[in-house]
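Colleague: Dumping the structure here so I can ask a few things about it.
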Amino acid sequence: MKRVTVRDLRRKKERGERIVMVSTYDYLSAKLCWEAGIEVLLVGDSLGMVFQGLDSTLPVTLEEMIYHAKAVRRGAPEAFLIVDMPFMSYQVSSEEAIRNCGRVIKETGAQAVKLEGGREIVELVYKLTLSGIPVVGHLGFTPQHLHRFGGPKVVGKEEEEALRLKEDFKALEDAGAFMIVLESVPWKLAQDLTQGSQAITIGIGAGRYCDGQVLVFHDIVGLYEEIKPKFVRRYLEGAKLFREALRKFKMDVEEGNFPSEEESYGA
Ligand code: KIV
């Protein structure tokens with residue numbers, strides 16, 4: 001088995017090849033992604049909203065992330081696998097954070113962890129990197145800071161905010177983050193950050209000039225209908241197709257058309 005590595009991803013950036021990432025939570029969707037040629041999978045804490053039906057990512061636990069990451073790994077054993085560290089699993093102390101990140105790597109087979117935040121997590125990023133745990137940063141709109149932001153927003157439109165984001169980006173990069181997700185950031189700012197950086201930038205609502213792009217599986221296939229941010233492109237109306245199939249099944253059972261003779265065992 002030849003697993004995709006950090007080195008493979010760095011090479012892609014050097015060659016100007018775009019990196020494709022999908023946020024996914026289970027065995028089947030991970031398998032479909034890998035079969036479609038998607039090499040980087042993220043087990044995002046967006047699973048709190050998309051999988052669990054919560055109204056934010058904040059209640060998601062470390063145990064839940066580990067459970068989902070194991071399923072995703074089974075679906076795509078060769079993919080580069082990143083796992084989101086959930087809210088309050090890395091903020092309390094460096095010691096606890098390193099222990100929790102270590103658990104994720106050891107128990108799930110993931111190759112990197114993703115942490116939200118800038119300067120406030122730089123020391124931790126440095127320690128994790130030194131310990132052999134590759135770190136993916138996440139800047140711009142960071143859903144774990146929902147209450148500070150007061151709701152989803154574009155970050156970096158104002159000069160002062162853009163400057164702060166640039167400083168956070170540089171600090172994360174210097175501390176060893178090999179990849180940084182930029183969420184809801186003006187495209188020009190994301191382009192500037194990408195051009196001057198060693199770190200691989202992955203955009204979500206950050207325009208086309210990042211080194212790669214990420215979307216959530218359920219958004220790509222149109223299964224999550226609750227929210228559709230501007231940056232989501234649906235490639236399938238999955239929810240409509242699923243409902244249609246389920247209605248047909250219901251009708252067939254009610255009308256005595258299911259199961260047929262071929263779908264039944266003989267006497
Ligand atoms: O939780 C998630 O799925 C994410 C991506 C959308 C970047 O953080």
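Colleague: Looking only at the range 225-253, which residues are small (Gly, Ala, Ser) and open to solvent by 80 Å² or more (accessible area, probe 1.4 Å)? So that I can check it myself, show each step before the final result.
Modeller: Of the range 225-253, the ones small (Gly, Ala, Ser) are 238-239, 245.
Passing the criteria: none in range.
Colleague: Which condition number does residue 90 fail, the rest of (1) within 16 Å of the ligand (Cβ to nearest atom); (2) part of a helix (DSSP H, G or I); (3) in contact with a Cys (Cβ under 9 Å, 6 or more places away or on another chain); (4) of a type outside the set (Val, Ile, Thr) being met?
Modeller: (2)
Colleague: Looking at (1) touching a Gly at 6+ places or on another chain (Cβ under 8 Å); (2) open to solvent by 20 Å² or more (accessible area, probe 1.4 Å); (3) outside any helix (DSSP H, G or I), which is the only condition residue 81 fails?
Modeller: Unmet condition: (2).
Colleague: Which residue is most open to solvent (accessible area, probe 1.4 Å), if the candidates are limited to the range 1-10 and must be among the hydrophobic types (A, V, I, L, M, F, W, C) and outside any loop (DSSP other than H, G, I, E, B)? If you could, list the steps in order and put the result at the bottom.
Modeller: We begin by selecting, within the range 1-10, every residue among the hydrophobic types (A, V, I, L, M, F, W, C); these are 1, 4, 6, 9.
Now restrict to residues that are outside any loop (DSSP other than H, G, I, E, B): 6, 9.
Working: 6: 34, 9: 1 Å².
Residue satisfying both the conditions and the ranking: 6.
Colleague: For the range 11-53, which positions are among the charged types (D, E, K, R) and either assigned to a helix (DSSP H, G or I) or open to solvent by 10 Å² or more (accessible area, probe 1.4 Å) (or both)? Steps first, answer last, please.
Modeller: Step one: list which residues in the range 11-53 are among the charged types (D, E, K, R), which gives 11-15, 17-18, 26, 31, 35, 39, 45.
Answer for the range 11-53, where residues must be among the charged types (D, E, K, R) and either assigned to a helix (DSSP H, G or I) or open to solvent by 10 Å² or more (accessible area, probe 1.4 Å) (or both): 11, 12, 13, 14, 15, 17, 18, 26, 31, 35, 39.
Colleague: Continuing with the same structure: Please list, ordered by first then second residue, the pairs with beta carbon atoms under 8 Å, 6 or more apart or interchain, first in the range 201-217 and among the basic types (Lys, Arg), second surrounded by fewer than 22 Cβ atoms within 10 Å (Cβ to Cβ).
Modeller: 208/187
Colleague: So if I check each of 206, 162, 190, 171, which one is within 14 Å of the ligand (Cβ to nearest atom), in a helix (DSSP H, G or I) and either farther than 21 Å from residue 21 by Cα or open to solvent by less than 30 Å² (accessible area, probe 1.4 Å) (or both)?
Modeller: Values: 206 fails: in a helix (DSSP H, G or I); 162 fails: within 14 Å of the ligand (Cβ to nearest atom); 171 fails: within 14 Å of the ligand (Cβ to nearest atom).
Among 206, 162, 190, 171, only 190 is within 14 Å of the ligand (Cβ to nearest atom), in a helix (DSSP H, G or I) and either farther than 21 Å from residue 21 by Cα or open to solvent by less than 30 Å² (accessible area, probe 1.4 Å) (or both).
Colleague: So which residues in the range 108-139 are within 16 Å of the ligand (Cβ to nearest atom) and small (Gly, Ala, Ser)?
Modeller: 110, 112, 117, 118, 137
Colleague: While we're looking at this one, here's another question. Looking at residue 68, is it buried (at least 22 other Cβ atoms within 10 Å of the Cβ) and outside any strand (DSSP E or B)? Even if it seems obvious, please write down each step before you answer.
Modeller: Working: buried (at least 22 other Cβ atoms within 10 Å of the Cβ): yes; outside any strand (DSSP E or B): yes.
So residue 68 fits the description; yes.
The values are calculated or read from the model by the stated rules, or taken from the named source; none is laboratory data. Everything numeric here is computed off the predicted structure, so don't read it as measured data. Every residue, glycine as well, gets a Cβ built from its backbone with ideal geometry; the counts of neighbours run over all protein chains shown. These area figures cover heavy atoms from the full protein model, side chains too; ligands, DNA and RNA do not enter into them. Shrake-Rupley method; radii C 1.70, N 1.55, O 1.52, S 1.80 Å.
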